[in-house]
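This report refers to the structure that appears directly beneath it.
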Amino acid sequence: MNRRRALWMFGAAGAATVVAGCASGETGSGATDSGVTASSATASGAAADVTAIPQETAGPYPGDGSNGPNVLIESGVVRSDITTSFGAYSGAAQGVPMKVTLNLKDLAKSAAAGSGMAVYLWHCDREGRYSLYTDGATDQNYLRGVQVADDNGAVTFTSIFPACYAGRWPHLHFEVYDSLSTAVAGDNARLTSQIALPEDICDAVYAHDPGYAASPRNLSSVALASDNVFGDGWDAELATVTGTPATTLNVALTIGVADKSQNTAAAPPPGGGRGGPPPR
């Protein structure tokens, strides 16, 4: 049992029974060591089926005030469609349409639906740039937004599929807050983590849209097993995706949210590091 799996089990202890097992060693579209797809590691609504998602680095481009700009305190950040910039900025991110649905389960409340929790989601654009930070996108704040979970604990965002930039597996960033008021204060996230995207979907997107020009080459040079975030296990972080690049991709993941005191990051995998800027 690796260090991250032990932390997951500790994080859910006393609140939910955690699905046990070894982290996946494959780099395909969701198979685990047992041959079960990643979707089977997500919650079905019963505490026994919920896995705590591990704490991860926010990376160097969070936009949450911890490293430079803070969009969370800006009027207009609470929105479901994050493809465009808002407030003082204008512009839109181009790429394959993507709908992201996250189903929150509160492990401090026996895996009850995370109704009223707020999620801040952000990710890079088709060129691998992060708004507010990367050259060519410093005058944009697109692909960042906050939503509040409904009575079923679900939040939904409309966005575009992210690029694969050099040195990282394609991914989304998110933070979970106990309430909207906490989120828009720009402080005190209960959980910070990342979502991995399936390899076969990434291949299809990058082949479909020539705007992702650098992504096929970058994807061929990385693997989930050696990624500096997902390399020590990704069962709880690998999304399921339906749809097609020609229409809309539907990205879904159940998020088991442990108590904040139990959300501590595991040690980085061998040869990997956390928190530094991604190689570009």
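Every number here is computed from the coordinates shown, using simple stated rules; none is lab data. Note that this is a predicted model, so its numbers are computed, not measured.
Some points to look at:
- Taking every Cα-Cα distance in region 137-201 and sorting them into 5 Å bins starting at zero, the pair-distance distribution P(r) comes out as 4, 12, 20, 24, 20, 14, 6, 1 percent.
- Radius, Kirkwood style, for region 58-177 when every pair of distinct Cα atoms is counted (Å): 14.7 Å
- Scanning residues 5 or more positions from residue 238 or on other chains, those with amide H under 5 Å from its amide H are 196, with H placed 1.01 Å from N in the peptide plane.
- Length-normalised contact order for region 120-268 - Cα pairs under 8 Å, 6+ apart - percent: 20 percent
- Centre-to-centre separation between the Cα atoms of region 49-83 and those of region 189-244: 18 Å.
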